[in-house]
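What follows is a single structure, written as structure tokens, with notes after it.
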């Protein structure tokens with residue numbers, strides 16, 4: 001009886017370049033088109049946010065202001081109030097998105113996000129203590145940053161009690177530390193003067209109104225982006241499996257530490273700048289990974305631009321939904337992030353990074 005050969009379909013392996021994704025970048029022209037579209041999107045979001053608010057300003061008037069042809073009250077509103085806030089929103093969105101992309105590689109979990117390690121909890125506690133003490137401005141930011149660094153040290157130290165640490169150990173330690181900080185936050189809110197509760201709640205929910213130190217935040221974003229891009233190849237290998245990465249010459253322990261501290265510093269800077277803003281670091285890298293794949297040479301810059309644009313639009317909506325009053329931008333990111341995340345979760349069916 002003759003043997004009939006029936007060809008079988010081979011299962012394609014996941015690739016960090018995103019070969020199995022719908023939107024594949026095959027040429028330099030497509031790459032230029034992608035980043036051109038992202039830059040135009042960012043510019044459109046920034047422009048829309050600048051003209052939106054309790055006082056509407058037309059696009060033609062906005063152009064005159066930037067050309068120096070209008071120096072009246074509207075120019076002061078744009079240059080002194082809205083522009084710093086919009087730039088802060090874009091920077092914070094970029095910081096959170098980069099941190100989220102790094103966390104998802106570090107913890108081998110596509111659902112990881114910057115606040116999972118309790119960084120925001122430590123920052124929240126120290127910021128609330130500063131508010132109770134009557135501290136504001138730069139000292140408030142420094143207090144939040146110090147709390148974030150303390151939380152980083154706690155998670156790192158506790159995760160290493162048994163010797164080496166694994167992604168699961170870090171994740172569980174971060175959850176426990178975050179829960180502990182949450183209890184302290186509840187205690188501080190319960191014993192704080194009633195006059196300070198409103199400001200505390202706005203900071204806890206994320207607010208860009210009192211953002212400052214844009215130069216520091218921008219410097220951290222730029223330097224962090226340069227470092228992550230230099231690590232992109234090794235991040236690709238680590239995402240495919242640490243054993244395979246080690247066989248190809250990647251120093252796994254060294255890169256774990258580097259990714260951990262870099263992601264934590266990016267998150268701490270974002271918390272210092274705008275308080276607790278969730279879902280940006282979770283949704284944006286996850287969405288980008290579904291669209292263009294897991295090649296970090298593309299994923300990192302696309303996440304930065306898309307995350308900044310998303311937070312700028314969310315802040316614009318927070319300023320106009322109940323105008324002249326304002327909502328904390330963290331409320332809007334949660335309202336946008338929850339249904340979007342559920343949709344992405346359904347589409348991806350919890351696909352692994354590897």
Q. Distance in nm between label sites at residue 33 and residue 233, each 7 Å beyond Cα in the beta-carbon direction?
A. 2.9 nm
Q) How would you order 232-239, 274-281, 85-92 from highest to lowest mean count of nearby Cβ atoms within 10 Å? A) 274-281, 85-92, 232-239
Q: Could you work out which residue, out of 266, 129, 81, moves most in a Gaussian network model of the chain, that is, has the largest mean-square fluctuation with Cα springs under 10 Å?
A: 81
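In the calculated pair distance distribution of the chain, what percentage of Cα-Cα distances lie above 33 Å?
Details: 19562 of 62481 pairs.
When all Cα pairs of the chain are counted, 31 percent exceed 33 Å.
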Q. Given the options 296, 198, 286, which has the most mean-square fluctuation in a GNM of the chain, springs set between C-alpha atoms less than 10 angstrom apart?
A. 198
Q.
Give the separation of the Cα centroids, segment 197-274 to segment 117-134, in Å.
A. 20 Å
(Q) Run the helix sum for the chain: -39,500 (n - 2.57) per DSSP H stretch of 4+ residues, divided by residue count, reported at 222 nm to the nearest 500 deg cm²/dmol. (A) -23000 deg cm²/dmol
**Q.** Three-way shape call for segment 172-289 based on the alpha-carbon gyration tensor, with the a/c threshold at 1.5
**A.** prolate
Q: Take the chain, connect every pair of alpha-carbon atoms lying under 10 Å apart with a spring to form a Gaussian network, then pick out the residue of 240, 256, 160 with the largest mean-square fluctuation.
A: 160
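Answer rounded, prolate or oblate for segment 67-118, using the Cα gyration tensor with square roots of eigenvalues a ≥ b ≥ c: rounded when a/c is under 1.5, else prolate when a/b is larger than b/c, else oblate. Please report the intermediate quantities before stating the final value.
Details: a/c = 7.19, a/b = 4.18, b/c = 1.72.
Taking the square roots of the gyration eigenvalues as a ≥ b ≥ c, segment 67-118 is prolate.
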Q. Arranged from highest to lowest average of other beta-carbon atoms within 10 Å per residue, in what order do the peptides 306-319, 54-67 appear?
A. 306-319, 54-67
Q.
Can you classify segment 208-354 as rounded, prolate or oblate using the Cα gyration tensor, where a ≥ b ≥ c are the square roots of its eigenvalues, rounded means a/c under 1.5, and otherwise it's prolate if a/b beats b/c and oblate if not?
A. oblate
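Using the per-residue mean of other Cβ atoms lying within 10 Å as a proxy for protection, in what order, highest first, do the peptides 42-50, 179-187 fall? Present the calculation step by step, with values, prior to reporting the outcome.
Values: 42-50: 18.3, 179-187: 14.8.
The densest-packed peptide leads the list: 42-50, 179-187.
Report the relative contact order of the chain, percent, no decimals, based on alpha-carbon pairs under 8 angstrom and at least 6 residues apart. Don't skip to the end; give the middle numbers.
On the way: 501 pairs, mean separation 114.8, N = 354.
Averaging sequence separation for qualifying contacts and normalising by length gives 32 percent for the chain.
Values quoted throughout were computed directly from the atomic coordinates according to the rules given, and no laboratory measurement underlies them. The shown structure was predicted, so the numbers you read here are calculated from the model rather than taken from an experiment. Please note: Cβ atoms are built from the backbone with ideal geometry, for glycine as well, and neighbour counts cover all protein chains shown.
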